[in-house]
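These notes are about the structure you will find just below.
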Amino acid sequence: MTKTEEIAALFNQNVMSTYCPGRALVKGSGTRVWDADGNVYLDFAAGIAVLNTGHSHPVVVEAIRAQAGKLMHVSNLYYTENQARLAHKLGEIIPGAKSFFCNSGAEANEGMVKLARLWGSEEGRYEVICMRNSFHGRTLATAAATGQDKVKKGFEPMPAGFVHADFNDLESVKALVNDKTVAVMLEAVQGEGGVVPADAEFIAGIRALCDEKNLLMLFDEVQCGMGRTGNWFGFQMFGVEPDAFTLAKALGSGFPIGAVVAGKKLNELFKPGHHASTFGGNPLACAAALATIKVIEDEELVIAAAEKGALIREGLEQFVEKYEHVTAVRGAGLMLGMVLDQPAKPLVDKMAEIGLLTLATAENVVRMLPPLNLKDNEIEEALEIMDDCLAEMHGVEQEEEA
Ligand SMILES: *Cc1c(COP(=O)(O)O)cnc(C)c1O
């Protein structure tokens, strides 16, 4: 029995089978991870857009170590400096914003929806217009907000108050507005939906619609935030200001933390008793997030995401030219999708075998979300693995390079 098989047996006996893991990973550094049997991989999945600073960045590790030895947790019945500093930092990125902290993306989205409902409550407005193919989480309300039937099936009845328009189709959004509508909620780049970026006109149209009808514009930045798209936040690609947005995944470099960040219209609305979280914003999580932001700033990783993203994209565009079954490349910064004319999973599995971890998304999309500080030679290496696996998939003999 290999070490991986040993871990898998223990795991499968005792953990509910909500996932179907293959490898057992035991160590990570930068863009590389190692499995229990000593195999090494380039990690272009990065914990699903969590490890924007790479695996175990020394600055993040040290911040967590130091804080763990000082004060890990106190309840939110006390002031803690790290939470204040983190909220101040997020407020600097978006002027005037105030934050609420929680522990995950779904929880952040629930909090944002509660905030929107509270805002609309006096007028009896509660309905949120969401997008088809969106993903907002797995709690009941965020599954209801999600625009994919597969996350709802078997769990009905879904909580009321969510309706769905077509992404990038402004008319379909307008058609859903009624006297119960309180907000429009969307991702700047749909991640789980297949790495589909919003159109600039669509986003501008939503902002104008929200202004005209007095609706809130809410962004789910859980996956595309924190520098991923080559901007601090995905909505900044379009030059719009949302009324609130959520963060989670990359905010703590792997330490669980989520946030609702709200602008002027909403930031004074929550009063004591309205909303809470035991762990939310505790000193340890906030130390991880502060260190994460420091690394992104000091190492200029927002610009890096744009530059490295362009490099990978160039390589992927060549595959569209070269390989019949690669039909398109889309995304923003280091949030990239290579679209196939067939299921992506066999290719993703094959690449993993050779040493490149990616994600199969929306059936036929190979999704890539590498650390923002990956190196040029790691990009070359990854593109070579992709090239080899695509050649094999197409039954082409690769010429050996001299
Ligand atoms: C992952 C994700 C979520 C859910 O985050 P969890 O931390 O898993 O609850 C919500 N929205 C988007 C866009 C995501 O990618």
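The values are calculated or read from the model by the stated rules, or taken from the named source; none is laboratory data. In this text the structure is predicted, and so the values were computed from the model without any measurement. Because the Cβ atoms are built from the backbone with ideal geometry, glycine has one as well, and the counts that use them run over all protein chains shown. Ligands, DNA and RNA are stripped out before the accessible areas are found, and what is left, the full protein with its side chains, is counted by its heavy atoms. Shrake-Rupley method; radii C 1.70, N 1.55, O 1.52, S 1.80 Å.
Okay, here's what the table says:
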quantity: Highest to lowest packing among 14-22, 50-58, scored as the average C-beta count within 10 Å; calculated: 50-58, 14-22
quantity: For segment 381-390, Karplus couplings with θ = phi - 60° (6.51, -1.76, 1.60), whole Hz, Gly/Pro x; calculated: 4, 5, 5, 5, 4, 4, 4, 4, 6, 5
quantity: Compactness relative to 2.2 N^0.38 Å, alpha carbon Rg of segment 1-64; calculated: 1.26
quantity: Accessible-area composition of the chain, carbon plus sulfur, in percent [1.4 Å probe]; calculated: 52
quantity: Reachable lysines, given that their alpha-carbon falls under 21 Å from the alpha-carbon of Lys98 and they are not under 8 places away in the same chain; calculated: Lys89, Lys114, Lys249, Lys264, Lys265, Lys271, Lys294
quantity: For the chain: accessible area per residue (Å², 1.4 Å); calculated: 47
quantity: Amide H partners (placed H, <5 Å) of Leu216, local residues excluded; calculated: Ala183, Val184
quantity: Inter-label distance for Ala68 and Arg85, nm, one decimal - labels placed 7 Å from Cα along Cα-to-Cβ; calculated: 1.9
quantity: Relative contact order computed over segment 58-298 (Cα-Cα under 8 Å; 6+ residues apart), in percent; calculated: 30
quantity: Selected from Thr181, Leu269, Pro197, residue furthest toward positive end of dipole (the chain; charges at beta carbon); calculated: Leu269
quantity: 14 Å beta-carbon shell around Val320, net charge (K/R +1, D/E -1); calculated: -3
quantity: Dipole in debye (nearest 20) - segment 58-298, about Cα centre, beta carbon charges: Lys, Arg +1; Asp, Glu -1; calculated: 720
quantity: Label-point separation in nm, Met16 to Glu122, each point 7 Å along Cα→Cβ; calculated: 4.1
quantity: Highest-fluctuation residue, Pro346, Pro197, Pro371 considered, GNM on the chain with Cα pairs under 10 Å; calculated: Pro346
quantity: Overall Cα dimensions of the chain - principal axes, largest extent first, Å; calculated: 70, 54, 43
quantity: Shape box of segment 58-298 [Cα atoms, principal axes, largest first, Å]; calculated: 54, 38, 38
quantity: Burial ranking of peptide ranges 71-84, 134-147 (average Cβ count within 10 Å, highest at the top); calculated: 134-147, 71-84
quantity: Rounded to whole Hz, the Karplus (6.51, -1.76, 1.60) HN-Hα couplings of segment 124-140, x for glycine and proline; calculated: x, 9, 8, 6, 10, 8, 10, 10, 5, 6, 6, 9, 10, x, 10, 6, 4
